[in-house]
Amino acid sequence: QLSANYALSQEQRLYANYSKGYRAPQATELFRLQAGQTVADLDAEKIYSVELGIRGEVDNLFYDLTAFSMQKDNFIFQDTNRQNISNGETSHRGIELAVHYQWENFYTSLNSTWAKHKYDTNLTLSRINIQGNEIDTAPEHMGSMQVGWRSASQDFVELEWVHQGNYYLNPENTADYRGHNLVNLRAGMDIANQFSINARITNLTNEAYAERADFGFGKHRYFVGEPRAIYLSVNYSF
């Protein structure tokens, strides 16, 4: 990894990163051969990444904006004959943004990502050409936002919004999941010298959603997320 940064001022910096990494084939990929295979001739996956960004503070506002581009070679996958091969190439390009604003006891934070994840070669994951298609189960956009209040004694209330963007469920890009939005609420306070209480409500609006979705044998499959739930804890410190 090679990194560099330049101070525009005491509060603002430009930065750049170049990195190269690899992942060796896993034991399950090397030694669990499929029908007709005698040797799994797999190379290590390699990834090349470039990041350019700017971060800084203006009054009570902190921000960090990053643009990135990544290229993955020798992507290991199971082809249509269910054999492990490693001649895949994929690309990943996008923008990440983090913002935090503090005003007295109130604060708000935002984290978001917009990215395109694509197949750069015609991988034999499908019987049609998928080069240029978006990678399945890779959302184009996602993020979260928190708005809260915290006192000097660490009593707090926080409302959180979590966004999961839509994504395709298969390499052919013929089936998709619409994504979801969740709202969570958290609060905590001291109730005695050494006692504190914390509560949280997840999925406040009782949204029907999937933790993960995919597509196989002509059907959608959903790993269903949890409905609205309430958690309460009482803590004692010695």
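Annotations for the structure displayed:
- For the range 183-220, a residue qualifies if it is among the β-branched types (Val, Ile, Thr), part of a strand (DSSP E or B) and over 27 Å from the mean Cα position of the chain (by Cα), and exactly one does: Ile197.
- Search result, residues across the range 135-152 that are part of a loop (DSSP other than H, G, I, E, B) and either modelled with pLDDT of 90 or more or in contact with an Asp or Glu (Cβ under 6 Å, 6 or more places away or on another chain) (or both): Ile135, Asp136, Thr137, Ala138, Pro139, Glu140, Ser151
- Condition met for Gly132 (over 16 Å from Gln78 (Cα atoms), touching a strand residue (DSSP E or B) at 6+ places or on another chain (Cβ under 7 Å) and modelled with pLDDT under 95): yes
Here's the yes/no breakdown for (1) touching a strand residue (DSSP E or B) at 6+ places or on another chain (Cβ under 9 Å); (2) open to solvent by less than 60 Å² (accessible area, probe 1.4 Å):
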position	(1), (2)
Trp103	no, no
Thr108	yes, yes
Tyr119	yes, yes
Ala138	yes, yes
Ser151	yes, yes
Gln154	yes, no
Trp161	yes, no
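- Qualifying positions in the range 13-45 - modelled with pLDDT of 95 or more and either of a type outside the set (Ser, Thr, Tyr) or touching a helix residue (DSSP H, G or I) at 6+ places or on another chain (Cβ under 8 Å) (or both): Arg13, Leu14, Ala16, Asn17, Lys20, Gly21
- Options Asp73, Asp59; residue that is in contact with a Lys or Arg (Cβ under 9 Å, 6 or more places away or on another chain) and either modelled with pLDDT under 95 or of a type outside the set (Phe, Trp, Tyr) (or both): Asp73
The values are calculated or read from the model by the stated rules, or taken from the named source; none is laboratory data. Source: prediction; values computed, not measured. Reconstructed Cβ throughout: ideal geometry from the backbone, glycine too, with neighbour counts over all protein chains shown. Just the protein is used for accessible areas: all its heavy atoms, side chains included, with ligands, DNA and RNA removed. Shrake-Rupley method; radii C 1.70, N 1.55, O 1.52, S 1.80 Å.
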